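Peer 1: Encoded as structure tokens, here's the structure I'll be asking about.
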Amino acid sequence: MPRARTTHVKAVVLAKTALGEKDLILTMLADDGSQRRAVAKGARKPGARLAGRCDIFCEVDALVAKGRSLDVIAEAELLDAHASLKLDPDRMMAASAICDVARATCYEDAADAYLHPICRRALSACEQACDVSHLDLCVAAYVWKVMAHSGWYPQLDTCVSCGEEGVSRFSAALGGVQCESCAGEAEGAVPLSGDQLSWLKHLLRAPFDELLADDVDPSMARWLAGITHEWASAHLDARLRALEFMLGL
Ligand SMILES: [Zn+2]
């Protein structure tokens, strides 16, 4: 019998699914930006050595063996558990929303060096956020940045329909801002104030350090989280349950 091939994979655990009574299937974002799925055998048994290292949000260095259908995690070293995310329901919800979008924007065998560092940064930003409004900002910034990187860059300067500069609406379906007269003909375009437009541009551009230190009105932060859900659900082929739960949808 040929020896099993094993490789080290540094990854963030994005999701876990029960497999039988004792095992878990982990969905991970590897440090090359690809999605990896692997079985953690025995990880559901109480006190199992792997259990604490195979939880959502954990950054691990896993030794992964090629399996017949699914890869198998032989060992895992915990690099960062992001433990404080699990101690606070608001942080937990925000981090879960980030992991849902991370899962929907990474693919097997598709390396992308942008994805792993920004996911790690967004999770640690959720640990640092001083209040719920800043958690909203962290989630919104992560989703807009990753989606823009992945090809869903919103058009925010001129009307998506006619190219006019005076814009007052946002249409997730059409991919950006619209002027008043074009928006009248389109379904689902929401009103957009100058402040809201400035914030959208800021989310795309500003690093997390800056966003964490920003003054933001709670209603603006919530609006940004809401429009983030509209943008993501219009373009990603996935149900974003954690983001919906966070927004009370
Ligand atoms: Zn127009």
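Peer 1: It is to be established whether one or more residues within segment 118-132 are part of a loop (DSSP other than H, G, I, E, B), over 14 Å from the mean Cα position of the chain (by Cα) and at positive phi.
Peer 2: No, the conditions are met nowhere in segment 118-132.
Peer 1: Okay, next question. When residues of segment 114-166 are filtered for being touching a Ser or Thr at 6+ places or on another chain (Cβ under 8 Å), touching a residue at least 24 places away in the same chain (Cβ under 8 Å) and either within 16 Å of the ligand (Cβ to nearest atom) or polar (S, T, N, Q) (or both), how many remain?
Peer 2: Within segment 114-166, residues that are touching a Ser or Thr at 6+ places or on another chain (Cβ under 8 Å), touching a residue at least 24 places away in the same chain (Cβ under 8 Å) and either within 16 Å of the ligand (Cβ to nearest atom) or polar (S, T, N, Q) (or both) number 1.
Peer 1: Being touching a helix residue (DSSP H, G or I) at 6+ places or on another chain (Cβ under 7 Å), more than 11 Å from the ligand (Cβ to nearest atom) and more than 14 Å from residue 201 (Cβ to Cβ) is the filter here, so list the residues in segment 167-177 that pass it.
Peer 2: If the condition is that a residue be touching a helix residue (DSSP H, G or I) at 6+ places or on another chain (Cβ under 7 Å), more than 11 Å from the ligand (Cβ to nearest atom) and more than 14 Å from residue 201 (Cβ to Cβ), then 172, 173 are the ones that fit.
Peer 1: If residue 6 satisfies all but one of (1) among the β-branched types (Val, Ile, Thr); (2) under 25 Å from the mean Cα position of the chain (by Cα); (3) under 12 Å from residue 73 (Cβ atoms), what's the number of the condition it fails?
Peer 2: All conditions pass for residue 6, except number (2).
Peer 1: Let me ask something additional. Given 52, 67, 151, which one is of a type in the set (Gly, Ala, Ser), farther than 26 Å from residue 234 by Cβ and part of a loop (DSSP other than H, G, I, E, B)?
Peer 2: The match here is 67.
Peer 1: Looking at (1) of a type in the set (Val, Ile, Thr); (2) touching a helix residue (DSSP H, G or I) at 6+ places or on another chain (Cβ under 7 Å); (3) surrounded by fewer than 18 Cβ atoms within 10 Å (Cβ to Cβ), which is the only condition residue 17 fails?
Peer 2: Failing condition for residue 17: (2).
Peer 1: Could I ask something else about it? Condition first: surrounded by 14 or more Cβ atoms within 10 Å (Cβ to Cβ) and at negative phi. Now tell me which residues in segment 164-180 satisfy that.
Peer 2: 164, 167, 168, 169, 170, 171, 172, 174, 177, 178, 179, 180
Peer 1: Have a look at 197, 192 and point out the one that is touching a residue at least 24 places away in the same chain (Cβ under 8 Å), within 16 Å of the ligand (Cβ to nearest atom) and more than 22 Å from the chain's Cα centre (by Cα).
Peer 2: That would be 192, the only listed residue that is touching a residue at least 24 places away in the same chain (Cβ under 8 Å), within 16 Å of the ligand (Cβ to nearest atom) and more than 22 Å from the chain's Cα centre (by Cα).
Peer 1: Residues of segment 185-234 being part of a helix (DSSP H, G or I) and touching a Ser or Thr at 6+ places or on another chain (Cβ under 7 Å), which ones?
Peer 2: 218, 221
Peer 1: Still on this model: I want to confirm something. Restricting to segment 218-243 and keeping residues that are farther than 20 Å from residue 189 by Cα and in contact (Cβ under 8 Å) with a residue 12 or more places away in the chain, which single residue is surrounded by the most Cβ atoms within 10 Å (Cβ to Cβ)? Can you show your working first?
Peer 2: Of segment 218-243, the ones farther than 20 Å from residue 189 by Cα are 218, 237-243.
Checking the rest, the ones that are also in contact (Cβ under 8 Å) with a residue 12 or more places away in the chain come to 218, 237-238, 240-243.
Details: 218: 12, 237: 6, 238: 12, 240: 22, 241: 12, 242: 20, 243: 25.
Here the answer is 243.
Peer 1: Suppose we filter 126, 138, 119, 130 for residues that are within 30 Å of residue 9 (Cβ to Cβ), out of contact with any Cys (no Cβ under 6 Å at 6 or more places or on another chain) and of a type outside the set (Gly, Ala, Ser); which single one remains?
Peer 2: Residue meeting the stated conditions: 119.
Peer 1: Can you find a residue that is farther than 19 Å from residue 225 by Cβ and in the same structural domain as residue 182 (by TED's automatic domain parsing) anywhere in segment 142-149?
Peer 2: yes
The values are calculated or read from the model by the stated rules, or taken from the named source; none is laboratory data. Please read these numbers as outputs of a predicted model, since none were measured by experiment. Here Cβ is always computed from backbone atoms with ideal geometry, including for glycine, and neighbour counts include all displayed protein chains.
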